[in-house]
Number of protein chains: 2
Amino acid sequence: MAYTVTPWEVSGDIDYARLIKDFGTSPLSDVLLKRIEKLAGGLHHMLRRKIFFSHRDLDILLRKHEQGNTFALYTGRGPSGNTHIGHLVPWLFTKWLQDRFGAELYFQITNDEKFFIKDLSLEETTRLAYENALDVIALGFDPEKTHIFIDTEYAKTLYGIAAQVARRVTFSQAKAVFGFSNETNLGLAFWPAMQAAPCFLPSVLKKRKVPVLIPAAIDQDPYWRISRDVAPRLGYEKPAAIHCVFLPPLQGAGGKMSASEAESAVFTTDSAAEVKRKILKYAFSGGQATVEEHRKLGGNPDVDVAYQWLRFFEEDDSVLAQLYKDYRSGALLTGELKMLLIRKLTGFLEDHQRERERARKRLDEFLLRD
Amino acid sequence: MAYTVTPWEVSGDIDYARLIKDFGTSPLSDVLLKRIEKLAGGLHHMLRRKIFFSHRDLDILLRKHEQGNTFALYTGRGPSGNTHIGHLVPWLFTKWLQDRFGAELYFQITNDEKFFIKDLSLEETTRLAYENALDVIALGFDPEKTHIFIDTEYAKTLYGIAAQVARRVTFSQAKAVFGFSNETNLGLAFWPAMQAAPCFLPSVLKKRKVPVLIPAAIDQDPYWRISRDVAPRLGYEKPAAIHCVFLPPLQGAGGKMSASEAESAVFTTDSAAEVKRKILKYAFSGGQATVEEHRKLGGNPDVDVAYQWLRFFEEDDSVLAQLYKDYRSGALLTGELKMLLIRKLTGFLEDHQRERERARKRLDEFLLRD
């Protein structure tokens, strides 16, 4: 089945194993998972379930960590709309990495990029950037170790580093990696350098070589190719990366959740009633057409969106295994499964929304500004 | 005769009248000069002598000025080497404009551009930027009304404005104006937006529409085409411009003085002995082969570099006219003419160098930083 995965488009039924080959990344092997488990004192459920499934140079990064060279984390957000729960997937995992490895996090919010590629004003992407920052802070990152920056508000520092990258990348190379054309605007043409800059920011700020690990969805990988090409020429380490799959949209038809299609996603600011309505109405069901048939034939959790979402958000493996079994056997109905997801999400979002409001007064603890 | 005039190359025997047609600018008419004279209470000798010879929308700018809307000045420097006296030509004229029109000056030093196009590190172009800034300050600009900024040190402000420009210009358009190719690096690809940004900076800082006049050598004109195209779409006025010819190099063979060819130029930091040596040794002479022939046939001031330089630096028209006459008749020898130039320049440079050293402690009075 046809699919597309680029930093600007994800659609179709994604073959993740094929993507590893096409992108030239490495699968997250059991050997590597054991090593993470040993160092971290456990494995995050998104690792156990291969939601994070691919990497670049994670083995090299872990070796440096074992030798005492603590890495920094770098991830980010393109503020084209409100935050939905799909965005939280790599961030929740990033928080776990910070907790377990004591790593500092550099979090880039790319209000410039979204202005360059969307029909949004810079004022609007900046407003959204601040809204999105609240969601990051709400997840409980350590303010001592977490540095959030909005591109245009940290542009003095970023531009200085981006210039070093940009000097060493031709438009032709950017064309090949990002599919730019002659009609690409000059802002977007430069932008790969702005996205590469944070790979080297920890080293610049700390005045020593800091290895960087990027947890992100797999579609963001092309950016790091530029960073990785340029790193040795700048005297820095190549950034390592760990990639996750996409949280499927409510409709379940492949691709990723989209902030611009409100009915495909649950947003972090949705009310409990809204979450319930969306899931009951839109979540694609792997069940049978009638209760009778479902009891007799059982459902298919592998395509059921409620089950798929619980793979991301239910941390307890035994609970999840039981749900899988019961849905397969027909003991658990689609409506019941959906209610379990609704309870899980609304519980999570209740806490999140409280922390998110509290974060409005905490921005200064986290924001890097020039 | 073939010649090339682009922002990055000036060579050959330049036909300035032709350039006005090719660039689509307007000649500085006598009517317009009269209007400037009336408003400024006189005419700078570089206007009287058509050293400034071309413009864009200067008439519109003056009308606004007459209506009480004072304009701002914008010019700059690409710090690829030390300042030579050719660089001072538009700056000296800019100072006159500031004095006569009470205009604020925004002076951009493009350490990023020179890093993108030359084999120089960003550290080196930044060092040169500070050295060049001393030459600007030394000319006596009003510290209350003069704002010098080095691109990477004011990048937060500039990037925000440049992003608005960059969003509205495609790589294809930049190719057509600047001769970019696919091998152009991403820094340079974005850079036209960084150079356009100061056209709108006064309006952004003052939070009202400030008309801008750009005094610069004619080779810089292409940049303003981008600014002028974009201005109405950003809700700003198109920047006006006034263009000068190039101070000829010592060798006199057309083109412009080059900071990278030390023997073609007199630098602002050259000693009196060095100035004397360079002019006596290198300044192309319009005189005859022997004193006897010169006395009999006379010299040609129109190709004599000493005379040509005096057109730029000797303010007194009657003195200049007398020199022209005496050189034509043979009464004035090349050696004598060169000594007059040497005295003029060394006198000027003695003052300049004193002010230049004093400027090292005055940088904070002038520099804009984020």
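Okay, here's what the table says:
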{"read-out": "Test result for B:I85, surrounded by 14 or more Cβ atoms within 10 Å (Cβ to Cβ), out of contact with any helix residue (DSSP H, G or I) (no Cβ under 8 Å at 6 or more places or on another chain) and within 22 Å of B:D302 (Cβ to Cβ)", "value": "no"}
{"read-out": "Members of region B:153-174 that are farther than 20 Å from A:K118 by Cβ, free of Cβ contacts under 8 Å to residues at least 60 places away in the same chain and within 7 Å of chain A (Cβ to nearest Cβ)", "value": "B:S172, B:A174"}
{"read-out": "Selection from region B:350-364 of residues that are closer than 18 Å to B:A129 by Cβ and either surrounded by 13 or more Cβ atoms within 10 Å (Cβ to Cβ) or within 14 Å of chain A (Cβ to nearest Cβ) (or both)", "value": "B:R356, B:A359, B:R362, B:L363"}
{"read-out": "Residue ID - farthest from the other protein chains (Cβ to nearest Cβ), chosen from residues in region A:140-152 that are touching a strand residue (DSSP E or B) at 6+ places or on another chain (Cβ under 7 Å) and of a type in the set (V, I, T)", "value": "A:T146"}
{"read-out": "Odd one out for B:D219 among (1) in contact with a strand residue (DSSP E or B) (Cβ under 7 Å, 6 or more places away or on another chain); (2) of a type in the set (D, E, K, R); (3) within 14 Å of chain A (Cβ to nearest Cβ)", "value": "(3)"}
{"read-out": "Cβ-Cβ under 7 Å pairs, at least 6 apart or on other chains, region A:312-341 side touching a residue at least 40 places away in the same chain (Cβ under 8 Å) and of a type in the set (K, R), far side buried (at least 19 other Cβ atoms within 10 Å of the Cβ) and in a helix (DSSP H, G or I)", "value": "A:K338/A:I279; A:K338/A:A306"}
{"read-out": "Of all residues making up region B:175-196, the number that are more than 7 Å from chain A (Cβ to nearest Cβ), farther than 16 Å from A:N182 by Cβ and either touching a Lys or Arg at 6+ places or on another chain (Cβ under 8 Å) or free of Cβ contacts under 8 Å to residues at least 40 places away in the same chain (or both)", "value": "1"}
{"read-out": "Within region B:16-64, considering residues that are exposed (fewer than 14 other Cβ atoms within 10 Å of the Cβ) and basic (K, R), the one nearest to B:F101 (Cα to Cα)", "value": "B:K38"}
{"read-out": "Answer residue from region B:119-145, given it is polar (S, T, N, Q) and surrounded by fewer than 24 Cβ atoms within 10 Å (Cβ to Cβ) and is nearest to the chain's Cα centre (by Cα) among those", "value": "B:T126"}
{"read-out": "Number of the exception - B:I137 against (1) part of a helix (DSSP H, G or I); (2) touching a strand residue (DSSP E or B) at 6+ places or on another chain (Cβ under 6 Å); (3) aliphatic (A, V, I, L, M)", "value": "(2)"}
{"read-out": "The one condition in (1) within 24 Å of B:F93 (Cβ to Cβ); (2) at the interface with chain A (Cβ under 8 Å from one of its Cβ atoms) that B:A231 fails to fulfil", "value": "(2)"}
{"read-out": "Among residues of region A:227-246, those that are under 19 Å from A:I20 (Cα atoms) and of a type outside the set (S, T, Y), counted", "value": "11"}
{"read-out": "Total residues in region B:195-224, condition in contact with a helix residue (DSSP H, G or I) (Cβ under 6 Å, 6 or more places away or on another chain) and under 13 Å from B:A174 (Cα atoms)", "value": "4"}
{"read-out": "Test for A:G102: is it modelled with pLDDT of 95 or more, at positive phi and surrounded by fewer than 21 Cβ atoms within 10 Å (Cβ to Cβ)", "value": "yes"}
{"read-out": "Of residues in region A:65-77 being touching a residue at least 12 places away in the same chain (Cβ under 8 Å) and over 20 Å from the mean Cα position of the chain (by Cα), the one surrounded by the most Cβ atoms within 10 Å (Cβ to Cβ)", "value": "A:H65"}
{"read-out": "Filter result (assigned to a loop (DSSP other than H, G, I, E, B) and closer than 24 Å to B:P248 by Cβ) within region B:1-47", "value": "B:M1, B:A2, B:P7, B:W8, B:D13, B:I14, B:D15, B:T25, B:L28, B:L43, B:H44"}
{"read-out": "Selected residue (only one of A:S26, A:S54 is touching a strand residue (DSSP E or B) at 6+ places or on another chain (Cβ under 6 Å) and farther than 17 Å from A:F246 by Cα)", "value": "A:S26"}
{"read-out": "Failed condition for B:T268, given (1) in the same structural domain as B:D304 (by TED's automatic domain parsing); (2) surrounded by fewer than 17 Cβ atoms within 10 Å (Cβ to Cβ)", "value": "(2)"}
{"read-out": "Residue count, region A:218-247 (criterion: surrounded by fewer than 23 Cβ atoms within 10 Å (Cβ to Cβ), under 13 Å from the mean Cα position of the chain (by Cα), in a loop (DSSP other than H, G, I, E, B) and not β-branched (V, I, T))", "value": "1"}
{"read-out": "In region A:118-134, the residues that are at the interface with chain B (Cβ under 9 Å from one of its Cβ atoms) and not in a helix (DSSP H, G or I)", "value": "none"}
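The values are calculated or read from the model by the stated rules, or taken from the named source; none is laboratory data. Owing to the predicted nature of the structure, the values given are computational and were not obtained by experimental measurement. Heads up, the Cβs are rebuilt from the backbone with ideal geometry, glycines too, and the neighbour counts pull from every protein chain shown.
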